[in-house]
Number of protein chains: 2
Amino acid sequence: MGGDAGPSVVISALARSMQRHPFVRFIIHGDETALNELIRKRWGKFGQHVSVRHAPGRIRMEEKPSTALRRGRDSSMWRAIASVKTGEAEAVVSAGNTGALMAMSMYQLGLIEGITRPAIASLWPTKRGQTVVLDCGANIECDAEQLVDFAVMGEAFARAVLGIERPTVGLLNVGSEDVKGHEAVKDAAHMLRSASLPMEFSGFIEGNDIAEGTVDVAVTDGFTGNVALKTAEGTAKLIATYLRSALKRSFLSRLGAVLARGALDALRRKLDPRTAGGGLFLGLNGVVVKSHGGTDALGFASAVDMAIDMALGGINKNIVADRAGVRPEVVAS
Amino acid sequence: MGGDAGPSVVISALARSMQRHPFVRFIIHGDETALNELIRKRWGKFGQHVSVRHAPGRIRMEEKPSTALRRGRDSSMWRAIASVKTGEAEAVVSAGNTGALMAMSMYQLGLIEGITRPAIASLWPTKRGQTVVLDCGANIECDAEQLVDFAVMGEAFARAVLGIERPTVGLLNVGSEDVKGHEAVKDAAHMLRSASLPMEFSGFIEGNDIAEGTVDVAVTDGFTGNVALKTAEGTAKLIATYLRSALKRSFLSRLGAVLARGALDALRRKLDPRTAGGGLFLGLNGVVVKSHGGTDALGFASAVDMAIDMALGGINKNIVADRAGVRPEVVAS
């Protein structure tokens, strides 16, 4: 459990999250002895907010989803999802193997009625605030109907969790003109224009529109979304590297960097992928959040906070209600 | 001509480029009177390095490629490409409508033997130098054989223009494991592994590997490449905005920004899309470079320099020779 970082990260994260959400109770699945030992060391009322369930197995990061599904029934991941399935928990958060988490969640929780494929959404910082981008990697190839599902799930998320009454939704394409793009995006645009949904469909957007914050929800297939997400992360890291080495070049720039340290730290926090809350699995009968694999307590706590917000916001009720607003005759085309 | 910026930008750019490449002669297509007027104002030997050809028409930025192809025969764009076709010029540079430039170049110059589709390549700054990324938008959907063509064109470019003897080439995917991705990337990987090419095939790479500089050449379809390129540009702009506003927040950070100005300017130059040389059209019987539409003299000069390097490097001879190294029986699969 806890991805590469292990149980101590999870315990620290829950202690952080508990301070923000004192009404929430946590069930931790994993090695009972190790977990109880860690919990005992915490001061205050932490022990009263958590309960531990022993799970002897664990899913390795490099395990294939199909193998995990077959052999991982005694794992902390499987059992954590099971506690959502039984209704004992409202949401599950894991920093483990993404593919296994998705496969086990699909198997145990199933899809929301009317949704044909789940999606992984992520929250990007933008000039105007934040934008939900989906799918970021659950579906390598997507047809028009799946893109429409993603639009519905994205707007439902923006309404339930970000509190935007009527979110704007754009389809990621290679140009904003109607004639551009492949059949799937063109058909999806057609379907979204004739759908009756609590959102504004903004038509096609381009890659730079994400960071501009042109729309609240950016919809794309999982291949493009995953490449875009990782390209953006890579670009941010590259600029940070350039900035650090540039600020070391001369005495004056070093001095400047020291004086501007507070500002540069604020910038770093704004772009910190740990605070983005990880990957949000949408379309499942239950809230599932994937925290980054190499995350620390701050990152895991942010994923836990997101899961709490999603559960409290009632995102899945929105999805069920809104999916009905897509005209069936158009969907069938 | 000259995109949104017009002839004066082109003239300034050529004057810049002339200083770096005094042996090169330029043929400028466009409004004769306006161009001659601008050239007369330049001091020194500039007039001896350029000749002007009158072209009464121009392609508008929003014109459809098909319309441009039908009605644009009197345009500066058409005639500039024609001067490459006739052998009078070695390369053409335009800041105009990308789709029209590609359609007219395809029509007049045709494709290199063995190449089925042209590609738009672009040079990205990375931690280790620069990486060629292609296709950045010429082909919305690509099969395995086209991705292999792009790999050949990319390594030929890296050898001829960047001077890398045996470039490393990666296929953009959603994970580095062999089992990931759609059929086209998996088949392309299979073909590249059995091809005999003057490159190292590095297998699959992810979006963040571009900025890391993991490979010299990153290959993908035009949809993904275009979205990735624009997402990276948007991310860089967003960070610049954050940085500016962060450095204005307090007296100390303002002072820090003043002291670090030289370093921050260097960073800005490093990330300046104007110096990236624009979009390089590969696979055509002739060198075609698209300068950014909203470019200035610095950007256009950088595109001109790139066109000169491509013509001198003999990239197309490399492509013809290397394409033959892809095993035909594998290509046919």
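Coordinate-derived values only; no laboratory data. These numbers come from a predicted model, not from an experiment. Counting neighbours? That spans all protein chains shown, and the Cβs are built from the backbone with ideal geometry, glycine included.
Worth a mention:
- Per-copy distances of the residue B:182 label point, shortest first, in nm (7 angstrom along Cα→Cβ): 0.2
- Taking amide H positions as modeled 1.01 Å from N, with prolines and chain starts lacking one, the residues under 5 Å from residue B:51 and 5 or more places away or on another chain are B:26, B:27, B:28.
- In a DSSP loop and with at most 15 other Cβ atoms within 10 Å, there are no GluC sites (Glu not before Pro) in segment B:195-235.
- Taking segment B:76-202 and dividing mean pair separation by its residue count, relative contact order in percent (alpha carbons under 8 Å, at least six apart): 17 percent
- Relative intensity, log₁₀ I(q)/I(0), of chain B from a Debye sum that treats every alpha carbon as a point, q = 0.10, 0.13, 0.15 Å⁻¹: -0.62, -0.99, -1.22
- log10 of Debye I(q)/I(0), alpha-carbon scatterers only, for the protein assembly as shown at 0.08 Å⁻¹: -0.66
- Residue-wise HN-Hα coupling along segment B:173-178, computed from phi with Karplus coefficients 6.51, -1.76, 1.60 (Hz; x: Gly, Pro): 8, 8, x, 8, 6, 4
- The string of couplings for segment B:89-94 from the Karplus curve (6.51, -1.76, 1.60, θ = phi - 60°) is 10, 9, 7, 10, 10, 9 Hz, one whole number per residue in order, with x for Gly and Pro.
- Neighbours of residue B:91, meaning other residues whose beta-carbon lies under 13 angstrom from its beta-carbon, give a summed charge of -1 when Lys and Arg score +1 and Asp and Glu score -1.
- Only Cα pairs under 8 Å and 6+ residues apart enter the sum, and on that basis the relative contact order of chain B stands at 23 percent.
- Segment B:1-130 shape via C-alpha gyration tensor axes, a/c threshold 1.5: oblate
- Packing around the peptides A:172-184, B:68-80, taken as the average count of other Cβ atoms within 10 Å per residue, puts them in this order, highest first: B:68-80, A:172-184.
- Dipole moment magnitude, nearest 20 debye, the protein assembly as shown about Cα centre, only Lys, Arg, Asp, Glu C-beta charged: 2760 debye
- Take the Cβ atoms of residue A:61 and residue A:245, set R0 to 56 Å, and the FRET efficiency comes out at 0.95.
- Residue with peak Gaussian network fluctuation, chain B [Cα springs, cutoff 10 Å], from B:28, B:239, B:164: B:239
- Within the shell of other residues whose beta carbon sits under 14 angstrom from the beta carbon of residue A:154, the net charge comes to -3, with Lys and Arg scored +1 and Asp and Glu -1.
- Remark: mean inter-chain Cβ contacts per residue of B:183-190 equal 1, using a 10 Å Cβ-Cβ cutoff to other protein chain atoms.
- Nearest-0.05 FRET efficiency for residue B:23 and residue A:166, computed from C-beta distance (R0 45 Å): 0.15
- Across the copies of the chain, residue B:114 has label points (7 Å from Cα along Cα→Cβ) spaced 5.4 nm apart, shortest distance listed first.
- Take residue B:165, move 7 Å from Cα toward the beta carbon, and the resulting point lies 6.8 nm from the same point in each other copy, nearest first.
- Annotation: amide H of residue A:131 within the under-5 Å range of A:124, A:126, sequence separation 5 or more or interchain, hydrogens built in the peptide plane.
- Relative contact order (%) - criterion: Cα under 8 Å, at least six apart; region: segment A:1-69: 35 percent
- For residue A:139, net neighbour charge (Lys/Arg +1, Asp/Glu -1) across residues whose Cβ lies under 14 Å away: -4
- Alpha-carbon centroid distance for the pair segment B:296-320 / segment A:34-51, whole angstrom: 64 Å
- Karplus-based coupling profile of segment B:182-192, in residue order and whole Hz: 8, 4, 4, 6, 5, 5, 4, 4, 4, 5, 5, with θ = phi - 60° in 6.51 cos²θ - 1.76 cosθ + 1.60 and x standing for Gly or Pro.
- Between residue B:70 and residue B:41, the contour length at 0.36 nm per residue exceeds the Cα-Cα span by 6.8 nm.
- Taking all C-alpha pairs of segment B:187-296, those more than 23 Å from each other amount to 50 percent.
- Each part gets one Cα centre, and for segment A:98-139 versus segment A:66-96 those centres are 17 Å apart.
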